[in-house]
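The values are calculated or read from the model by the stated rules, or taken from the named source; none is laboratory data. Because the structure is a prediction, the values reported are computed rather than measured. Cβ placement follows ideal geometry from the backbone for every residue including glycine, while neighbour counts extend to all protein chains displayed.
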Amino acid sequence: MSLLTENPLRVVLYEGNGSQPLPAEERYATIRALLERGFAVTRATGAGTPAPALKSHLLVLGRFPGGQAPLAEDRMGEVELRIKDIGGLDAPAIAEVVEKVRFETHAARHGDWRPWFPVIDYDRCTNCMQCLSFCLFGVYGVDTDKRIQAQNQDNCKTNCPACSRVCPEAAIMFPKYKAGPINGDAVSDTDLQREKMKVDISALLGGDVYSLLRSRSQRAQSRFSKERDADKALHERQKCLAKLAQLGDIPAEVLMSLPSPEEIARRAEEAAARAKAALGN
Amino acid sequence: MSQPRILFCNCTYAQVIPADVKAEVLRKLCESGVAFDAVADLCELSARHDPSLKALADGAPAKIAACFPRAVKWLFASAGAALSPVATEVLNMRAQSAEEVADALLHRELKPNLPRAKATCSDAPVAQTVERAALTASP
């Protein structure tokens with residue numbers, strides 16, 4: 001199942017007519033416990049317009065008279081609806097009830113994937129395809145109008161903001177990143193200069209960071225074959241990885257998990273070809 | 001104007017929003033008695049192209065407590081749910097205090113603040129041209 005095909009479980013905490021409202025503190029504890037487990041919760045009071053549940057399983061929770069949950073169904077037959085009485089249950093117990101329903105309905109499980117992926121600011125993006133040719137993990141693609149898109153978000157390496165570093169327009173955001181403008185904060189002129197400088201640095205180092213990695217690795221291999229000094233080769237690789245990690249703020253574990261230099265070369269060529277095709281060159 | 005819809009993002013899978021801020025905002029929402037939607041993680045919903053985002057972005061006034069407005073705007077857009085620039089106010093729990101965010105969420109008045117385009121000084125060509133021309137003309 002992919003992110004796009006899994007159906008989530010939506011939870012409604014119903015406190016309108018026919019249900020006894022929860023005391024504020026219990027309401028808070030319940031909603032918080034559900035959010036911490038990854039669920040979306042609507043607090044419905046009978047007034048206001050919460051977002052409707054679409055393409056999802058819907059679980060309605062409430063304190064109903066006599067502990068009897070009313071019978072109801074979706075008139076359109078599009079939403080699988082369940083109603084549960086939560087009278088006498090505390091927040092952790094309610095969270096257990098919800099988790100059980102999630103399991104029974106085969107709804108999306110939360111928390112296995114940490115949502116870390118690039119978000120493109122199309123006010124800034126110039127469709128230059130640098131990100132597409134840079135990313136080795138197939139996160140980017142193009143739509144039918146050859147417009148760059150983040151298409152395979154779950155291929156992205158958690159905590160790695162490297163592609164945002166190669167974007168000359170600071171158009172790539174990672175909303176969970178620690179600092180601006182990558183986290184979505186406004187882009188300043190200083191940021192733009194800094195971003196450009198980073199690209200220049202990587203160019204100085206040999207075109208792009210992957211060719212740096214390749215050439216360093218090749219040099220290390222050659223030394224290794226001459227000197228038969230495994231420690232030296234390892235040291236060289238570690239030095240190279242440390243430099244890359246520092247330049248791009250790339251987590252060491254991402255760099256350590258990179259494939260072999262040959263595979264990097266193959267993927268980089270493939271990505272560059274896709275970018276070239278998208279640009280129509 | 002009708003009461004804007006309220007969406008609260010708990011940013012469950014990261015520690016970028018101060019824990020005390022999001023806890024306090026949620027507490028105040030729960031104490032207020034208003035109807036609202038709370039999601040564990042807006043990024044996850046965006047990646048899933050969750051249809052509830054589209055329902056929230058259907059043009060009705062909305063107040064969203066999450067992170068930077070630029071990030072929120074494009075998280076919705078990338079899920080095919082463009083937010084209305086005239087009917088959306090984003091409260092930034094990474095930068096604003098809990099009190100500020102909660103007050104704005106519960107206030108009837110809506111102050112739209114989605115960025116409409118590039119926002120750097122260099123994107124103001126007239127001002128730049130004048131400045132450069134002045135520099136060039138000076139002896």
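A compact table of results
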| read-out | value |
| --- | --- |
| Subset of region B:1-33 (residues that are surrounded by 18 or more Cβ atoms within 10 Å (Cβ to Cβ), under 21 Å from residue B:112 (Cβ atoms) and facing chain A (nearest Cβ under 7 Å)) | B:5 |
| Residue that is modelled with pLDDT of 95 or more and more than 22 Å from residue B:115 (Cβ to Cβ), where the choices are B:35, B:40, B:71, B:66 | B:40 |
| Test: residue B:82 is surrounded by 24 or more Cβ atoms within 10 Å (Cβ to Cβ) and more than 8 Å from every other protein chain (Cβ to nearest Cβ) | no |
| Condition broken by residue A:53, with the remaining ones in (1) at pLDDT below 85; (2) more than 9 Å from chain B (Cβ to nearest Cβ); (3) more than 20 Å from residue A:91 (Cα to Cα) satisfied | (2) |
| Qualifying positions in region B:1-22 - touching a residue at least 60 places away in the same chain (Cβ under 8 Å) and over 25 Å from residue B:58 (Cα atoms) | B:16, B:17, B:18, B:20, B:21, B:22 |
| Qualifying positions in region A:135-152 - assigned to a loop (DSSP other than H, G, I, E, B) and either touching a helix residue (DSSP H, G or I) at 6+ places or on another chain (Cβ under 8 Å) or among the acidic types (Asp, Glu) (or both) | A:135, A:136, A:137, A:138, A:139, A:143, A:145, A:146 |
| Residue that is farthest from the other protein chains (Cβ to nearest Cβ), among those in region A:174-187 that are within 15 Å of residue B:115 (Cα to Cα) and buried (at least 22 other Cβ atoms within 10 Å of the Cβ) | A:181 |
| Test: residue in region A:116-127 that is away from chain B (no Cβ under 13 Å) and part of a helix (DSSP H, G or I) | no |
| Test: residue in region A:93-107 that is aliphatic (A, V, I, L, M) and in a strand (DSSP E or B) | no |
| Residue in region A:165-173 that is touching a residue at least 40 places away in the same chain (Cβ under 8 Å), of a type in the set (Asp, Glu) and within 12 Å of chain B (Cβ to nearest Cβ) present | yes |
| Boolean, residue A:90 is over 23 Å from the mean Cα position of the chain (by Cα), more than 12 Å from chain B (Cβ to nearest Cβ) and in contact (Cβ under 8 Å) with a residue 60 or more places away in the chain | yes |
| Selected residue (only one of B:44, B:99 is more than 8 Å from chain A (Cβ to nearest Cβ), in a helix (DSSP H, G or I) and either touching a residue at least 24 places away in the same chain (Cβ under 8 Å) or under 25 Å from residue A:23 (Cα atoms) (or both)) | B:99 |
